[in-house]
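Contents: one structure, followed by commentary.
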Amino acid sequence: YYVDGKTATVAVSATPSGTRVISTNGKPDAAIQMVEDRPRTEDEYTMTLLGALPLLARPEARTFANIGIGSGLTAEVILSHGSPAALDVIEIEPAMAIGAYAFHPRVDRIFRDRRMRLHTEDAKSYFARHGKRYDVIVSEPSNPWVNGVAGLFTREFYRDTARYLAPQGLFVQWLHLYELDDRLLGSMLAAMGETFADYQVYQSSVGDLVVLAVRE
């Protein structure tokens, strides 16, 4: 799959070992091993935890928002649970959402589960326009050094996003360790700490963190 989209070039490639990778402007964003009996990719552990951790922390959560569709695996994990009543997936690039079809059948529910709605627009404008509040908001952006992504790791983003959390709502974010120095990582966590009352950091793979935060 290869498409010059409205905001980025999106490609899906396959390796001889059975791994499929979706990339934005040449930067790999998510990889899934499609062969069942072969080892999982590191991304799969992270994407699974992005969906599973909030379900473990708040099993009664009903409304979910997922910023960035990626491979669709995070949304797939959320929909695998019976508790969520609605999942809004916000993806700015339509070609990215179409590219997720390449990971079928590893991601299947996102194409047939009526609880999910896909919104192809910028997350900030989406939240401001709809004004909905969510029990869980999951953010899985690309690396912060990718063009147009840095804004998803700022005090302003965390402050604006927290406004759309329901009481006792959870915010979950993917942080990439590789190609970051300690100072930059520290500034991201400090920005999160200014908005959220508490947060926990999980290392999901060698190069990735998952942060689980609460406003109250």
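The values are calculated or read from the model by the stated rules, or taken from the named source; none is laboratory data. Since this is a predicted model, take the numbers as computed values, not measurements. Don't worry about glycine lacking a Cβ; one is built from the backbone with ideal geometry, like all the others, and counts go over all protein chains shown. Accessible surface areas use protein heavy atoms only, side chains included; no ligands, DNA or RNA. Shrake-Rupley method; radii C 1.70, N 1.55, O 1.52, S 1.80 Å.
Among the conditions (1) closer than 22 Å to LYS132 by Cβ; (2) surrounded by 14 or more Cβ atoms within 10 Å (Cβ to Cβ), the only one that TYR199 does not satisfy is (1).
Selection of the range 10-27 for residues being of a type outside the set (A, V, I, L, M), without any contact (Cβ under 8 Å) to a residue 40 or more places away in the chain and within 16 Å of ILE98 (Cα to Cα) yields SER13, SER23.
Restricting attention to the range 8-24, the residues that are part of a loop (DSSP other than H, G, I, E, B) and either at pLDDT 95 or above or more than 18 Å from the chain's Cα centre (by Cα) (or both) total 4. What residue, among those in the range 25-41 that are outside any loop (DSSP other than H, G, I, E, B), touching a Lys or Arg at 6+ places or on another chain (Cβ under 8 Å) and among the hydrophobic types (A, V, I, L, M, F, W, C), is least open to solvent (accessible area, probe 1.4 Å)? Looking at residues that are outside any loop (DSSP other than H, G, I, E, B), touching a Lys or Arg at 6+ places or on another chain (Cβ under 8 Å) and among the hydrophobic types (A, V, I, L, M, F, W, C), I get ILE32. Just one of the numbered conditions (1) part of a helix (DSSP H, G or I); (2) touching a residue at least 12 places away in the same chain (Cβ under 8 Å) is not true of LEU56: (2).
Out of contact with any Gly (no Cβ under 8 Å at 6 or more places or on another chain), open to solvent by less than 20 Å² (accessible area, probe 1.4 Å) and of a type in the set (Ser, Thr, Tyr), is that true of SER17? The answer is no for SER17.
Being open to solvent by 30 Å² or more (accessible area, probe 1.4 Å), modelled with pLDDT of 95 or more, closer than 17 Å to HIS119 by Cα and touching an Asp or Glu at 6+ places or on another chain (Cβ under 9 Å) is a condition met by at least one residue of the range 56-71.
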